[in-house]
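**Q** Sharing a structure below in structure tokens format, with a few things to ask.
The values are calculated or read from the model by the stated rules, or taken from the named source; none is laboratory data. All figures in this text were calculated on a predicted structure; none of them were measured in a lab. Neighbour counts are summed over all protein chains in view; Cβ atoms, including those assigned to glycine, are modelled from backbone coordinates with ideal geometry.
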There are 6 protein chains.
Amino acid sequence: MSHKIIRTIPRADAGTVGVLGACGVATVHEAQGRTGLLRPYMRPIYPTARVAGTAVTISIAPGDNLMIHASIEICKPGDVLVVAPTSECTDGYFGELLGVSCQAHGITGLIIDAGVRDTAELTAMNFPVWSKAVSSQGTVKNVPGDVNIPVVCAGALVNPGDVIVGDADGVVVVARERAVEVARAAEQRIAKEEKSRERLRRGELGLDFYGLRAKLTELGVEFVESAESVASVK
Amino acid sequence: MSHKIIRTIPRADAGTVGVLGACGVATVHEAQGRTGLLRPYMRPIYPTARVAGTAVTISIAPGDNLMIHASIEICKPGDVLVVAPTSECTDGYFGELLGVSCQAHGITGLIIDAGVRDTAELTAMNFPVWSKAVSSQGTVKNVPGDVNIPVVCAGALVNPGDVIVGDADGVVVVARERAVEVARAAEQRIAKEEKSRERLRRGELGLDFYGLRAKLTELGVEFVESAESVASVK
Amino acid sequence: MSHKIIRTIPRADAGTVGVLGACGVATVHEAQGRTGLLRPYMRPIYPTARVAGTAVTISIAPGDNLMIHASIEICKPGDVLVVAPTSECTDGYFGELLGVSCQAHGITGLIIDAGVRDTAELTAMNFPVWSKAVSSQGTVKNVPGDVNIPVVCAGALVNPGDVIVGDADGVVVVARERAVEVARAAEQRIAKEEKSRERLRRGELGLDFYGLRAKLTELGVEFVESAESVASVK
Amino acid sequence: MSHKIIRTIPRADAGTVGVLGACGVATVHEAQGRTGLLRPYMRPIYPTARVAGTAVTISIAPGDNLMIHASIEICKPGDVLVVAPTSECTDGYFGELLGVSCQAHGITGLIIDAGVRDTAELTAMNFPVWSKAVSSQGTVKNVPGDVNIPVVCAGALVNPGDVIVGDADGVVVVARERAVEVARAAEQRIAKEEKSRERLRRGELGLDFYGLRAKLTELGVEFVESAESVASVK
Amino acid sequence: MSHKIIRTIPRADAGTVGVLGACGVATVHEAQGRTGLLRPYMRPIYPTARVAGTAVTISIAPGDNLMIHASIEICKPGDVLVVAPTSECTDGYFGELLGVSCQAHGITGLIIDAGVRDTAELTAMNFPVWSKAVSSQGTVKNVPGDVNIPVVCAGALVNPGDVIVGDADGVVVVARERAVEVARAAEQRIAKEEKSRERLRRGELGLDFYGLRAKLTELGVEFVESAESVASVK
Amino acid sequence: MSHKIIRTIPRADAGTVGVLGACGVATVHEAQGRTGLLRPYMRPIYPTARVAGTAVTISIAPGDNLMIHASIEICKPGDVLVVAPTSECTDGYFGELLGVSCQAHGITGLIIDAGVRDTAELTAMNFPVWSKAVSSQGTVKNVPGDVNIPVVCAGALVNPGDVIVGDADGVVVVARERAVEVARAAEQRIAKEEKSRERLRRGELGLDFYGLRAKLTELGVEFVESAESVASVK
């Protein structure tokens, strides 16, 4: 088994990444056909955390953060680290010092299917992290891994160069090749939702303007006036 | 299998609901004999979330939110949606647009044994949600279900018309028929606790004024002066 | 089986405890050789919670909080309660009234491998708690247990008199006998990290000043210029 | 809070119970419209375990098995104990001696949303148990509870007198009032499945005889000859 | 979003698949550099289950098994179904009738990151299944999905045509393009292990013939004669 | 941090170990006052697995099995390896070759708070293992650890030289110093249970001969004839 660090990866253009970030995770996930979502156990370390950037992917051993150190010099401003251990682990691979180093190199966030520590300091620095756990458990620097190979992170396939969007709702990955198309669809969705929002705010029912009444009928769901036939437990 | 949406349900009076809400989850749970608590995995999407209202219950398929849309028109101001999938699911059944629609109809909160999305927007709107997960995963609108039948939500039986109370400690359900009695007991408990609080604040021991010293003796628990007999691990 | 409450335990001196608290969980855990960390499921009830103090240990039955009441009179100012049920339990053993009683006796925090309730009130009182769950589920006062015996709490051995440090990153225990030595090592670590922080902030790479490049070579990790050999999934 | 043990409950007739047991869990669950299934974490202690009988329900405190002892004298041959703790617990509430006592009174199985012990002995006795955990953790006999009130067990509402069916696939509950109707539907389903089985065995496709091809077309699912457009990751 | 069923996929040759199956999961996982393992929650429904075959991949909605039905006609003898829901689900997507249909078409097993039912019948038929859950929960046939696109199943990327190996230790996937090379490496590993086994059986220590003593010394691990310095807890 | 391998540990005598093994986990756990049980997630790899022996304890890094190799030469016939990773891990630290090596040195079983592989081979060899997971995930041999220091394994403190008992119900640890006393208490318990078993088999009620009727009355639990007051849900 040889291991490698790929220096050069393709990236989506900054404008597209910005649009995706502005649209947010739920909208982007819908806009690309409900795909690309990381498992919901991936939570931000502070509620206002937001990020959009290019994935630099890191495949790493359980309890060993050598490859995170090895990844930084090949990053460019606007990149986001995506760290996937080769087996399930909650250790605290990443803390304040790595956060300082990331910010010095323009890296704007971390997605890690494992643990993170120094969360108060990272929050104060406004360095956003989505992780599976908060844990102080230290890691070693002994085991090789890879940077910029395709990884599965929290159940989603991430290729190096893909676009990562993270917010309070979680994390979604957009394939780089589809980024422009998805950004456009996301913007359209937002425009359309603005109209729906207005109608809903005025009291119109989704049942009506999404045309779901016919669906209910077709599925045999009946409106029944009285609760007579449903006994309650006292 | 036929499915139905029951339009009319009995409701507790607003005053009783208000008292229960003011007392809070822990007190109400105690006041009704330590029953009715939903599983502790049900967490609010923001720490100051609070709700008290009438349960409109929704039995729903995994990954399908049709019946949430179908429930809104039969709700009244002060109602709380209680959503229970027929099998375990973390999908994001509910987001900002449904929140807008709920607020337009006076619905004051959501209890969902599944996922929710657009949590930043729902927080900004002050629409409280207690859920099992935060997830952007979209749902479809294809599968029938029921509105206002008895459901099991996060381990607790909820009948339509029951009172739901939610706060930072979780969610409790009060059977509608018992609401007045439980509200009264909860208020009495609060009055009594105020007295205990004062005595505890002055340094009195619960051991004394709850009369627990005799209990310790009866159970054979001894006070021992020195730690001599307990070795420590170095 | 006899049960006992040990009145007198050794304690680390306040200065040492203060240093450990100021250093924080991650640093203390590293300073003592990456040991003593409680499982990461132990989370604070509010993000700014911090504590450092002497462990008063409580071994307790599932769903029964008698021994917490029994522990308070033997505590001294600066103590922290460490509660370990004899089998897994998420019940709400501890709430506001016990918090008031603790504060009246100078107890500065609670570590409980189970549930806690009245979290809004405890937050308002600034009484920090790290727990496995937030749950209103009430407990009884029927079953004997022990105070100040060695316990396993969230996977870590805690002896009475050990030093407990808790912050946003979790909880760590330091053996009392090692507290001075660990405090010194923690301070040294902080001084050293301050230097690393400066170098990292200026853009130096951990790879260089930790001397990890040689390690990568030794492990056969190669830097590769182009991503050619890595196909992406479209 | 008063607690009670209800001596007399209605029961489904033995013939109906026998039919339901012969049909098995999956078929019965389908025959009653995909309802009544207990959560899949409920597993039998041995692979060939099977049971069908009348539910005697037991609401019980965490770590306390007093009410199991209290339930036995009101049981009749063919009953199945259904035990639901008031909060989540994995303790070993039930072991060989209780199994012997159950068999002496004709009780044919146990469904417990908690732990069980002496599993080798219970297996040798052919006393089937479905539980959430196997655990030797002993319980006490101090806390009151109820026998034959409605309980929520592993996510399903069980009323005393309901029919319980358990096999290698898990556990399902059938409301007593619907037992005859469900048994009939289950038998019809088995007859129908026998025909489907024959056709499938001969190689016919479900896609054809369930008429699903039209569905695929309607949903826009296309058959594509070649895999050209789908890149693989090397 | 369009969905598709790819009819034709490349396959590894039967001989290679046979070798991989004979070597077993642990050996194959090692032989390909400790990659490709599915999460350990994937368990066989009976202890002697074994399979090796070509992956036909199925991306499917939660609670909807339409696409499993749609996949069968494009399978060839020796194929294994690999089913990945688009969000976490434990429903029983697959039972005896689908097993009969699979066997009629030469499909030799199922890997499903969800639930399975009729496990006694599938065991009797000797149709091996690895799943996340055993559950009778029925599914619907309403939601489109895809057959033979790359999927992430239980944390591992599976491309259509890859080789799947399953046994008592779990499931591993081998990229089709690497199958010959991995099969060769696996056989070499088995030959080498046979020699190690003999030496170990005679009492030789792995510490010696793997040359690990030097490693221990280098890492500063000392052999200490007496346990004096390690206190025990009484 | 220095690490060490303690060569010589005290051991309980073989006769006492044999008695404890014959009594089994549940009885031994009761006989020592309901302490010493490992968490119930520790399951045997085959249902008939049984072991009793002296604990050789191993503290180990996540994903690194070097210290298991290092432990074997200091073991004596009748020892049982007790392996505790320093953070949560499910990797397959142990397989057939280590099992062969263990058997060559008289080691009679393995307790590991992590994963194990080659479970079919270990079963065929009759080498019993209790683990948290079955996983083929390979481990490295790079990180130091300790042999024969006190460890917390699956929630229980284990000192080197303690007695380990494992069977179908899980695993219990007995402090070496208490082994004789616990063995005696366990035998007495078995004798007493034999009498209870006979009475229960004849139909006597535990409620009567354990004297629990008075307890029920004292706790206010009433026997009620009819189910009238309990409504059922239809």
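**Q** Please go through the stretch B:27-38 and pick out each residue that is facing another protein chain (nearest Cβ under 7 Å) and touching a residue at least 12 places away in the same chain (Cβ under 8 Å).
**A** Answer for the stretch B:27-38, where residues must be facing another protein chain (nearest Cβ under 7 Å) and touching a residue at least 12 places away in the same chain (Cβ under 8 Å): B:His29, B:Glu30, B:Leu37.
**Q** If you don't mind, there's one more thing I want to ask. What number of residues within the stretch A:218-234 satisfy the criterion of being at pLDDT below 75, facing chain B (nearest Cβ under 7 Å) and closer than 25 Å to B:Val143 by Cβ?
**A** Final tally of qualifying residues: 2.
**Q** Within the stretch F:39-62, how many residues turn out to be under 14 Å from F:Ala114 (Cβ atoms) and in a loop (DSSP other than H, G, I, E, B)?
**A** Number of matching residues: 6.
**Q** Does at least one position in the stretch F:92-114 carry a residue that is in a loop (DSSP other than H, G, I, E, B), within 24 Å of A:Lys141 (Cβ to Cβ) and modelled with pLDDT of 95 or more?
**A** Yes, because at least one residue in the stretch F:92-114 is in a loop (DSSP other than H, G, I, E, B), within 24 Å of A:Lys141 (Cβ to Cβ) and modelled with pLDDT of 95 or more.
**Q** I need the full set of residues from the stretch E:124-175 which are over 16 Å from the mean Cα position of the chain (by Cα), closer than 24 Å to E:Ser2 by Cα and outside any loop (DSSP other than H, G, I, E, B), in order please.
**A** Within the stretch E:124-175, E:Val140, E:Asp146, E:Val147 qualify.
**Q** Same structure again: What number of residues within the stretch D:5-22 are buried (at least 24 other Cβ atoms within 10 Å of the Cβ) and in contact with a helix residue (DSSP H, G or I) (Cβ under 7 Å, 6 or more places away or on another chain)?
**A** 2
**Q** Return yes or no: is E:Asp118 among the charged types (D, E, K, R), in contact with a strand residue (DSSP E or B) (Cβ under 9 Å, 6 or more places away or on another chain) and at positive phi?
**A** The answer is yes for E:Asp118.
A quick yes/no check of all residues on (1) touching a residue at least 40 places away in the same chain (Cβ under 8 Å); (2) over 19 Å from E:Arg201 (Cβ atoms); (3) among the aliphatic types (A, V, I, L, M):
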| residue | (1), (2), (3) |
| --- | --- |
| F:Pro77 | no, no, no |
| F:Cys102 | no, no, no |
| F:His105 | no, no, no |
| F:Asp113 | yes, yes, no |
| F:Thr123 | yes, no, no |
| F:Asn126 | no, no, no |
| F:Val134 | yes, yes, yes |
| F:Gly145 | yes, yes, no |
| F:Asp162 | yes, yes, no |
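**Q** Could you check F:Arg189 against (1) under 18 Å from D:Ala70 (Cβ atoms); (2) in contact (Cβ under 8 Å) with a residue 60 or more places away in the chain and say which number it fails?
**A** The failed condition is (1).
**Q** Next up: Filter the stretch D:13-50 down to residues that are hydrophobic (A, V, I, L, M, F, W, C) and more than 28 Å from F:Asp169 (Cα to Cα), then give me how many there are.
**A** 9
**Q** How do the pairs read when you match residues in the stretch E:12-26 that are on the phi < 0 side of the Ramachandran plot and of a type in the set (Ser, Thr, Tyr) with residues anywhere that are modelled with pLDDT of 95 or more and surrounded by fewer than 20 Cβ atoms within 10 Å (Cβ to Cβ), using Cβ under 8 Å and keeping only pairs 6 or more apart or on different chains?
**A** Once the first residue is on the phi < 0 side of the Ramachandran plot and of a type in the set (Ser, Thr, Tyr) and sits in the stretch E:12-26, its partners that are modelled with pLDDT of 95 or more and surrounded by fewer than 20 Cβ atoms within 10 Å (Cβ to Cβ) give E:Thr16/E:Val180.
**Q** Among the residues of the stretch E:1-38, count how many are assigned to a loop (DSSP other than H, G, I, E, B), out of contact with any strand residue (DSSP E or B) (no Cβ under 8 Å at 6 or more places or on another chain) and within 25 Å of F:Ser135 (Cβ to Cβ).
**A** Summing the residues that are assigned to a loop (DSSP other than H, G, I, E, B), out of contact with any strand residue (DSSP E or B) (no Cβ under 8 Å at 6 or more places or on another chain) and within 25 Å of F:Ser135 (Cβ to Cβ) in the stretch E:1-38 gives 3.
**Q** Identify, from the list E:Ala179, E:Ala185, the residue that is within 14 Å of chain D (Cβ to nearest Cβ) and either outside any helix (DSSP H, G or I) or among the aliphatic types (A, V, I, L, M) (or both).
**A** E:Ala179 is the lone residue from the list that is within 14 Å of chain D (Cβ to nearest Cβ) and either outside any helix (DSSP H, G or I) or among the aliphatic types (A, V, I, L, M) (or both).
**Q** Right, something else. So which residues in the stretch B:143-169 are charged (D, E, K, R) and within 14 Å of chain A (Cβ to nearest Cβ), if there are any at all?
**A** Within the stretch B:143-169, B:Asp146, B:Asp162 meet the criteria.
**Q** So is F:Val140 within 30 Å of A:Thr139 (Cα to Cα) and touching a strand residue (DSSP E or B) at 6+ places or on another chain (Cβ under 7 Å) or not?
**A** Spelling it out, F:Val140 is indeed within 30 Å of A:Thr139 (Cα to Cα) and touching a strand residue (DSSP E or B) at 6+ places or on another chain (Cβ under 7 Å).
**Q** If you go through the stretch E:44-85 one residue at a time, how many are crowded, with 20+ Cβ neighbours inside 10 Å, at the interface with another protein chain (Cβ under 10 Å from one of its Cβ atoms) and of a type in the set (D, E, K, R)?
**A** Total meeting the criteria: 1.
**Q** Looking at (1) aliphatic (A, V, I, L, M); (2) within 23 Å of E:Gly18 (Cβ to Cβ); (3) within 9 Å of another protein chain (Cβ to nearest Cβ); (4) touching a Lys or Arg at 6+ places or on another chain (Cβ under 9 Å), can you tell me which one E:Val172 breaks?
**A** Failing condition for E:Val172: (4).
**Q** Looking at A:Glu198, A:Glu204, which is the one that is more than 29 Å from the chain's Cα centre (by Cα) and either in a loop (DSSP other than H, G, I, E, B) or more than 7 Å from every other protein chain (Cβ to nearest Cβ) (or both)?
**A** Of the residues listed, the single one that is more than 29 Å from the chain's Cα centre (by Cα) and either in a loop (DSSP other than H, G, I, E, B) or more than 7 Å from every other protein chain (Cβ to nearest Cβ) (or both) is A:Glu204.
**Q** Checking the structure you have, find out if any residue of the stretch C:34-57 is in contact with a Ser or Thr (Cβ under 8 Å, 6 or more places away or on another chain) and within 26 Å of B:Ala214 (Cβ to Cβ).
**A** For the stretch C:34-57, residues in contact with a Ser or Thr (Cβ under 8 Å, 6 or more places away or on another chain) and within 26 Å of B:Ala214 (Cβ to Cβ): present.
**Q** Which of (1) over 13 Å from the mean Cα position of the chain (by Cα); (2) over 22 Å from B:Glu187 (Cβ atoms); (3) touching a residue at least 12 places away in the same chain (Cβ under 8 Å) is the odd one out, the single condition B:Pro44 does not satisfy?
**A** Among (1) over 13 Å from the mean Cα position of the chain (by Cα); (2) over 22 Å from B:Glu187 (Cβ atoms); (3) touching a residue at least 12 places away in the same chain (Cβ under 8 Å), B:Pro44 violates only (1).
**Q** Filter the stretch F:111-132 for residues that are surrounded by fewer than 24 Cβ atoms within 10 Å (Cβ to Cβ) and among the hydrophobic types (A, V, I, L, M, F, W, C); which is nearest to C:Leu219 (Cα to Cα)?
**A** Going through the qualifying residues, I end up with F:Ala120.
**Q** Suppose we keep only residues that are among the β-branched types (Val, Ile, Thr) and crowded, with 24+ Cβ neighbours inside 10 Å within the stretch E:159-184. Which one would you say is farthest from E:Thr90 (Cα to Cα)?
**A** The extreme case among them is E:Val182.
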